[in-house]
1. For segment 321-419, evaluate the Debye formula with one uniform point scatterer on each Cα (no solvent term) and list log10 I(q)/I(0) at q = 0.16, 0.22, 0.23, 0.25 Å⁻¹, rounded to two decimals.
2. Using only Cα atoms, tell me the angle between helix 219-229 and the longest principal axis of the chain; keep it within 0 to 90° and round to the nearest 10.
3. Taking H placed 1.01 Å from N in the peptide plane, check which residues at least 5 places from Ile114 or on another chain put their amide H under 5 Å from its amide H.
4. Grab the other residues whose beta carbon is less than 14 angstrom from that of Phe95, score K and R as +1, D and E as -1, and report the net.
5. Remind me, relative contact order of the chain in percent, using alpha carbon pairs under 8 angstrom and six or more residues apart?
6. Given that compact globular proteins tend to follow 2.2 N^0.38 Å, what is the ratio of the alpha-carbon Rg of segment 153-207 to that value?
7. Take each of the peptides 396-405, 175-184, 125-134, 89-98, average the number of other beta-carbon atoms within 10 Å over its residues, and list them starting from the highest.
8. May I ask for the distance between the Cα centers of segment 118-134 and segment 141-215, given as a whole number of Å?
Amino acid sequence: MEERNTIYLCLAHMSENKMEEKYVQEAFDTNWVVPMGPNVNAFEQNLADFVNSKNDGSEPLDRKVVCLSSGTAAVHLALLACGVGPGDEVCVQSFTFCASSHPVTYLGAKPVFIGSEIETWNMDPVLLEKAILDRKEKTGKYPKAIVPVALYGMPYKIDEIMAIADKYGIPVVEDAAEGMGSRFNGRILGTFGKYGVLSFNGNKMITTSGGGALICRNAEDADEILWYATQARDSYPYYQHTAIGYNYRMSNVCAGIGRGQMTVLDDHIAHHKHVQALYEKLLAELTGIHIHKQPTDSRYDANFWLCAATLDPDVHIQGQENAYKEVVKTAVGGAAGVMHTVETATTDCQPNENVEALRVFMLGKKVECRPVWKPMHKQPVYDGCAAYTDGVEEGLFKIGFCLPAGPYVSDDDVRYIVDCIKEAMR
Ligand SMILES: *Cc1c(COP(=O)(O)O)cnc(C)c1O
């Protein structure tokens, strides 16, 4: 039998005609091997054209985009520009990757975690308003910013969130790192708030190997972000500083990859949607497993970065009796780097045994299947942070998992993956 390659959750995928190499070569040929230059400028323009486009026939927007070294850096600078500092609080969606909340702590501020609603799995507007009012009562101040997250690309309830933000005069930083190209009401996510975060890490919708960008309302805001991203220098012949800045600008080499990737972004989005539709069709016949769909409200238009699903607790999965018996020795998921070794195989908040068994079973079939993000308010590092939740995200963490959805995933792969799931349920 032919040996299968592992099907990963989402892998970087270069354009057929190697446009990335062309632009990277240009950087070398013109000696722009620095964190600025023609590729950075052109990539920013490509991104601005993309985010400003609307598919409802109305006038395009006029947002500016600043390219940065990572999506995490984009969150950090957006919060800084919102005036977040020591002693402040920021309302962050709890159900997310740590890059949404960690930058709050870089600034000496505290995250206030907001639970999710069940429809989009994103920030619950009702809990958001409850949190804002309660923080005002308890601390005397309103939170300084609101960070909703487009989890797995799904748009948040942006109308409701913006209405609350406007009511209390609190800026919104949209974390659209996973939601690049998702739209709400025809408009690209990241263009609704004061700032919008994009990520070009290796596993996102497009990649620059590593990188990110901040969508800004106007040129003035973009200039301020650019200033902070280049060590905050004042215009003297020598280096004069009136603020603390960061070295967060994108490399011109990386931006070359980004320019090439922009030529396939629309294809990638279409492919992710296609894969999701096929999963929805094939998984419909299985009982006990539920794919996370977007609301039927036609304003929602998710990119379906990853396919997320849930498994009912009463579904038996092969090998679940042995789940969590052994300490995991390798990283679950794609993140490279050093992981602390741990003493125990379990924590007080983890996916159900059948979900863990499904992950292990699928790994044996060479399919990467990953738990959904563990809510931030359940992370030991955020012990003691305020959280406003109905328990929706914690419930989803116990039953949720993600399936591969990147450009490399073929129709045949999806059929194979669904067959493997059926086998696991037998
Ligand atoms: C990937 C990601 C980011 C930013 O990540 P970088 O790896 O720093 O580019 C931010 N928020 C969320 C929710 C993400 O998934």
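Please treat every number below as a calculation from the coordinates, not as lab data. These numbers were taken from a predicted model, which means no experiment stands behind them. Cβ placement follows ideal geometry from the backbone for every residue including glycine, while neighbour counts extend to all protein chains displayed.
1. Calculated log10 I(q)/I(0) at the listed q: -0.83, -1.33, -1.39, -1.48.
2. Long axis of 219-229 versus the principal axis of the chain: about 80 degrees.
3. Val92, Gln93, Ser94, Tyr388
4. Values: positive: Lys157, Lys374, Lys378, Lys398; negative: Glu117, Glu119, Asp124, Asp175, Glu178, Asp390, Glu393, Glu394.
That sum, taken over residues with Cβ under 14 Å, equals -4.
5. Values: 937 pairs, mean separation 96.6, N = 426.
Relative contact order comes out at 23 percent.
6. Values: Rg = 11.7 Å, N = 55, 2.2 N^0.38 = 10.1 Å.
It is 1.16.
7. Working: 396-405: 22.1, 175-184: 27.9, 125-134: 19.2, 89-98: 26.2.
Packing proxy ranking, top to bottom: 175-184, 89-98, 396-405, 125-134.
8. Centre-to-centre distance over Cα atoms comes out at 15 Å.
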